[in-house]
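The values are calculated or read from the model by the stated rules, or taken from the named source; none is laboratory data. This is a predicted model, so every value here is computed, not measured. Ideal geometry is used to build each Cβ from the backbone, glycine not excepted, and the neighbour counts take in all protein chains shown. Please note that ligands, DNA and RNA were not included when accessible areas were found on the heavy atoms of the full protein model with its side chains. Shrake-Rupley method; radii C 1.70, N 1.55, O 1.52, S 1.80 Å.
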Amino acid sequence: MNARAVAAWSAASMFIALVTTNPAYKTAILAAAFTTLAASAGLRRIRPLLVGVAFIATFDVVLNFLSAHLGRSVLFALPDSIPGLGGPYTLEALAFGVSGALTIAAAILAAAPFSFLLAPSDVIDALPNALSRTGTAIAASLNLVPSVATSFAEVAEAQRLRGWRPRGPRSWAEVVVPVVLTTAESSIQLAESMEARGFASAPRTSFQKSRIDRGGWLVIATSGLAVVVFALGQAAGWVSDWNAYPLLAPPAVDIRGLAACLLLFTPVMIWRRRA
């Protein structure tokens, strides 16, 4: 799997998810990202990511529903005397929160292939020579997330064997502090190892250049076409935006904009055979 093809698909998916306010197109991008990850990485591998995305999306919906007292479709109201919570709770605020949650979920899942489908070396090789140091930092960051999760599980298990039990937020300091110290120590060791190997002392070299096959070119082509069609649709006006306020209305969907989103399902068949 070529990193440039993955980058093109991720960039196209994130572009459409972030540039539009129409929840219909965001839902299509979210479906494309979820299906691609499920077909290529497997549901078992991405399950922790899905749980985290669901938590973040739910928090966004609840936060907007509780804080935005706007809209005409009032579901219920609390007395204004209640600090922070008083006022009307509307269907428009709930719908706007759901739209924002779709944006967050689609963007996270669109960027997830860099972590699930590529090795850090693949990410570095895909970058131009001028960005080799940036690529190294990105690769190290991507590699840090699973290592922190593994360290957290190991420390928590070790503390339980010593009789530790979670008894509130303060008790978690006995797990979080060792995890932070272990992560900092690992980062220092990585920096020393890179310095010992002469990192950034000379131009980057490569043992073997990664070539893009027909499947990779197809993913790049369909991703670029999706961006072009969607951008032209917004400029021409047939891909319309959506706003929940002041009165909730269903989003308008144009078949050409939806077709652009459906082009991002292309990796489902191509990357499945390589999983």
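What does the helix-only formula give at 222 nm for the chain: each DSSP H stretch with n ≥ 4 adding -39500 (n - 2.57), the total divided by the residues, and the result rounded to the nearest 500 deg cm²/dmol?
On the way: 11 runs with 182 residues, N = 275.
Here the helix-only value at 222 nm equals -22000 deg cm²/dmol.
Each label was represented as a point 7 Å from its Cα along the Cα-to-Cβ direction; for residue 262 and residue 137 these points are 4.2 nm apart. Ignoring any ligand, DNA or RNA, what whole percent of the accessible area of segment 164-264 comes from carbon and sulfur when the probe is 1.4 angstrom? Percent of accessible area from carbon and sulfur atoms in segment 164-264: 64. Structure remark: mean-square fluctuation, Gaussian network model of the chain, C-alpha springs under 10 Å; the largest value among 45, 214, 165 belongs to 165.
Solvent-accessible surface of the chain, averaged per residue with a 1.4 angstrom probe and all protein chains in place: 58 square angstrom. Computed over segment 123-273, the P(r) tail beyond 18 angstrom holds 76 percent of alpha carbon pairs. Largest GNM mean-square fluctuation across 110, 196, 11, computed for the chain with C-alpha springs under 10 Å, falls on 196.
If you sort 46, 56 by accessible surface, 1.4 Å probe, largest first, the order is 56, 46. Excluding residue 238 itself, calculate the net charge of residues whose Cβ lies under 10 Å from the Cβ of residue 238, where each Lys or Arg counts +1 and each Asp or Glu counts -1. Once positives and negatives cancel, what remains is 0. The 1.4 Å probe gives accessible areas that order 114, 199, 55, largest first, as 55, 199, 114. Applying a length cut-off of 24 Å (Cα extent along the axis) and a mean Kyte-Doolittle floor of 0.5 to the DSSP H helices of the chain leaves 23-40, 43-67, 91-111, 173-196, 214-236.
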